[in-house]
Amino acid sequence: MKKSGKIILWAVVAVLAIAVVLLLLSRRKDDKQTLVYQVTTLAPTTISSSVTATGTVEPVKQVEVGTQVSGIISKIYVDYNSVVKEGQLIAELDMSVLQTELESSRANLNAAKVEYDYQERNYQRIKGLYDKELVSATEFEQAQYSYDKAKFSYSQAQSNYTKSQKNIGYAKIYSPIDGVVLSRAVDEGQTVASGFSTPTLFTIANDLTAMRVIANVDEADIGEVKEGQRVEFEVDAFPEDTFQGSVTQVRLQATTTSNVVTYQVVIDAPNPDQKLMPGLTANITIYTLDKHDVMAVPVRALRFTPEGEKYRENTVWKQLPDGKLEAATVKTGVNDGVQVEILEGLQFGDKVVTGTRLSGSFPEKGELPQGGGSNNPFMPRPPQQRDNRRTE
């Protein structure tokens with residue numbers, strides 16, 4: 001009896017299990033046959049798209065200060081981070097050699113002046129005799145040649161003397177702008193040589209409260225970047241801070257590095273706290289599309305057409321309070337690939353159909369399920385429902 005009782009018990013369990021499975025299958029079948037509308041309620045939203053890039057922070061205005069004469073640095077009056085004023089003396093070169101050159105050019109000038117005066121008087125005397133036919137043409141031409149040569153030598157000596165005077169002035173180096181010394185490339189006693197390019201002694205930034213970022217934007221994105229667009233960027237030195245700026249210039253010259261073509265974009269970066277330092281690397285987001293508090297619908301809403309209806313361009317379907325659908329012709333604006341701006345044809349609060357779903361499935365985030373359909377007790381409830389059930 002005990003053995004037969006166990007057999008009967010197992011048989012009853014098996015029958016109940018089969019019944020439950022059949023019930024689940026039948027309800028799933030019903031669910032698959034029942035569709036409900038997915039809708040979204042129109043509310044003010046933001047439509048944006050962006051381009052990312054990297055760049056370098058630098059001062060808006062910085063000047064490299066050099067020297068136009070060769071010599072030995074005798075005095076340096078500033079250092080890194082020194083605040084300087086326009087016209088302030090910041091360095092001096094040893095002037096002994098330059099002073100010698102000035103004295104030599106002055107002596108050459110005096111000698112050339114003596115020769116010029118003599119040849120001028122001689123020319124005038126020979127010319128007078130030549131006019132009276134008392135000297136030959138050869139003598140007159142020789143006198144004129146000597147006079148012209150002396151005149152040229154005197155003019156050249158004047159130029160050399162003026163140049164030597166200016167070189168004496170160049171031995172004292174002054175700051176061309178108000179600012180901060182970013183770099184100092186020389187030390188006292190160091191020799192600097194002025195050749196085809198002027199050697200850089202100091203780099204001075206004008207105003208560190210007004211910085212800029214030079215961003216390298218990929219050629220695939222540069223067509224979307226325009227002057228005036230809003231920019232956000234971060235630097236590793238201050239990972240918790242987000243800095244604001246705007247595009248001030250899109251440079252047309254391309255740069256090719258390892259077969260990658262980029263364009264430089266200049267971004268204004270106000271720096272009132274002076275956190276941004278020259279040379280920092282910035283991770284940049286340029287908002288190529290940035291509209292706030294606009295009316296928009298998902299792109300798929302414009303593609304939805306109820307069963308039995310013919311597709312119409314620029315048409316969305318509203319769900320009325322009684323559950324019925326009504327077509328609305330709309331005028332669209334910008335599009336970020338996910339949402340489309342609606343300029344005309346709808347108003348805030350309207351419920352727009354974006355598609356359909358199975359009644360037994362969960363609605364997508366931000367969408368409201370509409371319509372009928374049976375609730376499967378064996379399906380998991382949404383998280384909020386599960387929390388409420390545990391609280392009760």
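Counting just the residues of segment 345-360 that are open to solvent by 40 Å² or more (accessible area, probe 1.4 Å) and assigned to a loop (DSSP other than H, G, I, E, B), which one comes out nearest to residue 45 (Cα to Cα)?
Result: 348.
Would you pick out the residues in segment 306-344 that are of a type in the set (Val, Ile, Thr), in contact (Cβ under 8 Å) with a residue 24 or more places away in the chain and outside any loop (DSSP other than H, G, I, E, B)?
Selection gives 316, 332, 334, 340, 342.
For segment 102-118, which residues satisfy the criterion of being surrounded by fewer than 15 Cβ atoms within 10 Å (Cβ to Cβ) and among the aliphatic types (A, V, I, L, M)?
Scanning segment 102-118 gives 107, 111, 114.
If you check 160, 122, which single one turns out to be in a helix (DSSP H, G or I), touching a residue at least 40 places away in the same chain (Cβ under 8 Å) and surrounded by 12 or more Cβ atoms within 10 Å (Cβ to Cβ)?
Every option except 160 fails the conditions.
Which residues, counting only those in segment 335-370, are at pLDDT below 90, in contact with a Leu (Cβ under 9 Å, 6 or more places away or on another chain) and closer than 30 Å to residue 288 by Cα?
Those that are at pLDDT below 90, in contact with a Leu (Cβ under 9 Å, 6 or more places away or on another chain) and closer than 30 Å to residue 288 by Cα: 335, 336.
Quick one: count up the residues across segment 72-97 that are farther than 14 Å from residue 187 by Cβ and either of a type outside the set (A, V, I, L, M) or in contact with a Ser or Thr (Cβ under 7 Å, 6 or more places away or on another chain) (or both).
Selection size over segment 72-97: 8.
How many residues, within segment 295-344, are of a type outside the set (Val, Ile, Thr), surrounded by 16 or more Cβ atoms within 10 Å (Cβ to Cβ) and within 35 Å of the chain's Cα centre (by Cα)?
The total comes to 6.
Does segment 195-243 hold any residues that are touching a Gly at 6+ places or on another chain (Cβ under 8 Å) and hydroxyl-bearing (Ser, Thr, Tyr), and which are they?
Within segment 195-243, 198, 200 meet the criteria.
Could you pull out every one of the strands (runs of 3 or more DSSP E) wholly within segment 44-101 that has 2 or more residues that are open to solvent by 10 Å² or more (accessible area, probe 1.4 Å) and under 30 Å from residue 342 (Cα atoms)?
Qualifying strands (runs of 3 or more DSSP E): 45-59.
Check whether at least one residue in segment 220-230 is in contact with a Ser or Thr (Cβ under 7 Å, 6 or more places away or on another chain) and basic (Lys, Arg), and report yes or no.
Yes, because at least one residue in segment 220-230 is in contact with a Ser or Thr (Cβ under 7 Å, 6 or more places away or on another chain) and basic (Lys, Arg).
If you check residue 57 against the conditions, is it touching a helix residue (DSSP H, G or I) at 6+ places or on another chain (Cβ under 9 Å) and under 30 Å from residue 233 (Cα atoms)?
No.
Residue 217 versus (1) open to solvent by 30 Å² or more (accessible area, probe 1.4 Å); (2) among the hydrophobic types (A, V, I, L, M, F, W, C); (3) farther than 19 Å from residue 72 by Cα: which is the lone unmet condition?
It fails just one condition, (1).
Only one residue in 203, 262, 242 is among the β-branched types (Val, Ile, Thr) and open to solvent by 40 Å² or more (accessible area, probe 1.4 Å). Which one?
Checking each option against the conditions leaves just 242.
Kindly evaluate residue 148 against the criterion of being loosely packed, with under 15 Cβ neighbours inside 10 Å and not hydrophobic (A, V, I, L, M, F, W, C).
Yes, satisfied.
Of the conditions (1) within 13 Å of residue 64 (Cβ to Cβ); (2) among the polar types (S, T, N, Q); (3) modelled with pLDDT of 90 or more, residue 197 clears all except one; give me its number.
All conditions pass for residue 197, except number (3).
State whether one or more residues within segment 278-286 are closer than 30 Å to residue 81 by Cα, touching a Leu at 6+ places or on another chain (Cβ under 9 Å) and surrounded by 11 or more Cβ atoms within 10 Å (Cβ to Cβ).
Yes, because at least one residue in segment 278-286 is closer than 30 Å to residue 81 by Cα, touching a Leu at 6+ places or on another chain (Cβ under 9 Å) and surrounded by 11 or more Cβ atoms within 10 Å (Cβ to Cβ).
Go through (1) open to solvent by 40 Å² or more (accessible area, probe 1.4 Å); (2) modelled with pLDDT of 75 or more; (3) over 30 Å from residue 215 (Cα atoms) and name the single condition residue 38 misses.
The number of the failed condition is (1).
The values are calculated or read from the model by the stated rules, or taken from the named source; none is laboratory data. Since the model is a prediction, treat every value here as computed from it, not as a measurement. Note: ideal-geometry Cβ built from the backbone for every residue, glycine included; neighbour counts use all protein chains shown. Note: areas computed on protein heavy atoms with side chains; ligands, DNA, RNA excluded. Shrake-Rupley method; radii C 1.70, N 1.55, O 1.52, S 1.80 Å.
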